[in-house]
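Reviewing the structure listed below.
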Amino acid sequence: PSAAAALTPLLPRLSSESTILFTQNGIGAVDEVAALFPTHAQPTYLSAIVTHGVFSTGPFSATHAGVADLKIGPVSVSPTTSLPPAARWLMDTILSSEPLAATEVGAEELLNVTLEKLVANAVINPLTAIFRVPNGEVLDPRLTGLRKALVAEASTVIVSHLSALRVLDAETRERFSASRLGEMVERVCVATSGNRSSMLQDVEAGRGTEVAYINGWVVQRGREMGVEVGVNERVLGMVEGGEVRELGKGL
């Protein structure tokens, strides 16, 4: 279920003194959860961008398959505003866990690393799910055109999005250029070559996926910004429709 659906039964126990930590892929879950609360009773929202390799082995059971890092921070807090004590305690507890290799970041940098992770997920996850391959196979020459098209669309959407938020400077524009994002995706594919993406695991297990919060966000925001997002729209529909392809057959 979505985060909002999962939290709905707990609403009587949550208040402005609560802290909710989001660790899922994509963008949009925080807004859906925030809509469950009145303005005066919003909890504190933290988000963690996790690059560790993890795969499920059953209910409440997972294997830590690849060591990487974790970045955690407030979703939207002024640099001059302190976190409430409960949120600070949760943050410090996670930061103190050595195996997590966690780093605290501010809200602006959290947005940037969230968007970078989104691009990696928007390429690797749907392609591994559609073609039923591990991450490293996304670098197969037969997928080069698709991979680059997904990156290019996401890059244009993100640059337009950050420009609209008035947080786009020259350094950030370069950070989200198609060339740099493409190199980042390739590095992730190499570093996690033997891993099976969370989206591939979900479709193989017959579960719902996070594609609506990943490629779905690219498509929705792209339409709002007047950006062409046809390739992301195609893979979004294929994953949601449970379509499968063989490498070399195209979409």
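The values are calculated or read from the model by the stated rules, or taken from the named source; none is laboratory data. Please read these numbers as outputs of a predicted model, since none were measured by experiment. Cβ coordinates were reconstructed from backbone atoms using ideal geometry, including for glycine residues, and neighbour counts include every protein chain displayed.
Here are a few things to note about the model shown:
- The listed residues are VAL113, VAL75, VAL54, and the only one of them that is in contact with a helix residue (DSSP H, G or I) (Cβ under 6 Å, 6 or more places away or on another chain) and of a type in the set (A, V, I, L, M, F, W, C) turns out to be VAL75.
- All conditions in (1) closer than 26 Å to LEU110 by Cβ; (2) assigned to a loop (DSSP other than H, G, I, E, B); (3) not hydroxyl-bearing (Ser, Thr, Tyr) hold for GLY194, with the sole exception of (1).
- Looking only at segment 55-103, and only at residues there that are of a type in the set (Val, Ile, Thr) and surrounded by 13 or more Cβ atoms within 10 Å (Cβ to Cβ), the one that is farthest from SER18 (Cα to Cα): THR103
- Entry remark, segment 135-145: residues being in a helix (DSSP H, G or I) and in contact (Cβ under 8 Å) with a residue 60 or more places away in the chain number 4 in total.
- Failed criterion for ARG166 (all others in (1) part of a loop (DSSP other than H, G, I, E, B); (2) charged (D, E, K, R); (3) in contact with a Lys or Arg (Cβ under 9 Å, 6 or more places away or on another chain); (4) closer than 24 Å to GLU109 by Cβ hold): (3)
- Checklist (1) closer than 21 Å to LEU90 by Cβ; (2) modelled with pLDDT of 95 or more; (3) buried (at least 17 other Cβ atoms within 10 Å of the Cβ) applied to ALA34, failing item: (3)
- Residue in segment 59-67 that is under 26 Å from SER155 (Cα atoms) and in contact (Cβ under 8 Å) with a residue 24 or more places away in the chain present: no
- Among the residues of segment 146-154, not a single one is among the small types (Gly, Ala, Ser), assigned to a helix (DSSP H, G or I), modelled with pLDDT under 95 and within 17 Å of the chain's Cα centre (by Cα).
- Here the condition is being surrounded by fewer than 20 Cβ atoms within 10 Å (Cβ to Cβ), under 27 Å from ASP69 (Cβ atoms), of a type outside the set (Ser, Thr, Tyr) and modelled with pLDDT under 95; of ARG187, ARG196, it holds for ARG196 alone.
- Filtered by the rule that a residue be in a helix (DSSP H, G or I) and without any contact (Cβ under 8 Å) to a residue 60 or more places away in the chain, segment 95-112 gives LEU95, GLU98, PRO99, LEU100, ALA107, GLU108, GLU109, LEU111.
- Residue check, GLU186 under 19 Å from VAL231 (Cα atoms) and more than 16 Å from the chain's Cα centre (by Cα): yes
- Search result, residues across segment 224-243 that are closer than 28 Å to ALA6 by Cβ and either without any contact (Cβ under 8 Å) to a residue 60 or more places away in the chain or more than 17 Å from the chain's Cα centre (by Cα) (or both): GLU224, GLU233, GLY237, MET238, GLU240, GLY241, GLY242, GLU243
- Hey, ALA87 in contact (Cβ under 8 Å) with a residue 40 or more places away in the chain, more than 16 Å from the chain's Cα centre (by Cα), farther than 29 Å from ARG147 by Cα and not in a loop (DSSP other than H, G, I, E, B) or not: yes
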